[in-house]
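Worksheet: the structure to be examined is printed underneath.
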Amino acid sequence: MANPATLQAEAVFEILVRENADMLTTYLRSVVWRPGAIDDLFQETMLVAWKRLPEYDQNRPFGPWLRGIAARLVMAHSRKAKRDLLVCDERVLEYLDRQLQHISQRSGDTWDDKLVALRECIAALPDDQQQTVRLRYLEDLQAERVASQLNVSMEAIKKRLQRARAQLLDCIRGKQMLPGLNP
């Protein structure tokens, strides 16, 4: 029979994981380019977090602690593999973590609420940008494949994505989800 304290820890951990799973997936997708590696790193982050749960300071937010574990694992795997696992460097990881921390500090909003707001902002984009964003980020196609599928040049795709990201940033800021995005 399981110890009641262990059962309680498992229940709390499950809730914290459920609340932070989308955030962690978003974080990993932002910094790792191989889809299989993203899934592996997600699972490994959860295993490490479970093993280190007694070290977790309950007075601090769980998300940044979880991202810290993920960042260390990503860097370790990247060094060990001696190939490009990351799409960024350690500075970008720190910057992304700060921005996700800003998002999580907004009271009363769940990660899902924030995703709904982002979807609303995507829906407000012009059709060509919506389609490009959907293919690139939601369907996870490489930019070259998006260009081929839409029958436009790579330069056009880069421009559409650049404009879409700028408009999404303005929209999200307008919804006051991201308080200043200065690195």
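Using beta carbons and a limit of 8 Å, which pairs, at least six apart or on different chains, have the first residue in the stretch 26-49 and of a type in the set (Phe, Trp, Tyr) and the second one not in a helix (DSSP H, G or I)?
Partner pairs satisfying both residue conditions: Trp33/Asp84; Trp33/Leu85; Trp33/Leu86; Trp33/Val87.
Condition first: surrounded by 11 or more Cβ atoms within 10 Å (Cβ to Cβ) and free of Cβ contacts under 8 Å to residues at least 12 places away in the same chain. Now tell me which residues in the stretch 140-161 satisfy that.
Leu141, Gln142, Arg145, Ala147, Ser148, Val152, Met154, Ala156, Lys159, listed by residue number.
Give the residue, chosen from Arg72, Arg60, Arg67, Arg52, that is touching a residue at least 24 places away in the same chain (Cβ under 8 Å) and basic (Lys, Arg).
Arg67
Please go through (1) under 21 Å from Leu141 (Cβ atoms); (2) among the aliphatic types (A, V, I, L, M); (3) modelled with pLDDT of 85 or more for Ile69 and return the number of the only condition it doesn't satisfy.
(1)
Being of a type in the set (Gly, Ala, Ser) and more than 19 Å from Glu14 (Cα to Cα) is the filter; apply it to the stretch 25-69 and report the residue that is surrounded by the most Cβ atoms within 10 Å (Cβ to Cβ).
Checking each candidate, the answer is Ala37.
Among the residues of the stretch 37-45, is there at least one that is under 16 Å from the mean Cα position of the chain (by Cα), modelled with pLDDT under 85, charged (D, E, K, R) and closer than 23 Å to Leu141 by Cβ?
no
What helices (runs of 4 or more DSSP H) lie completely within the stretch 95-183 and have 3 or more residues being closer than 30 Å to Gly68 by Cα and modelled with pLDDT under 85?
111-123, 154-174
The values are calculated or read from the model by the stated rules, or taken from the named source; none is laboratory data. These numbers come from a predicted model, not from an experiment. Methodologically, a virtual Cβ is constructed for each residue, glycine included, from the backbone with ideal geometry; neighbour enumeration extends over all protein chains shown.
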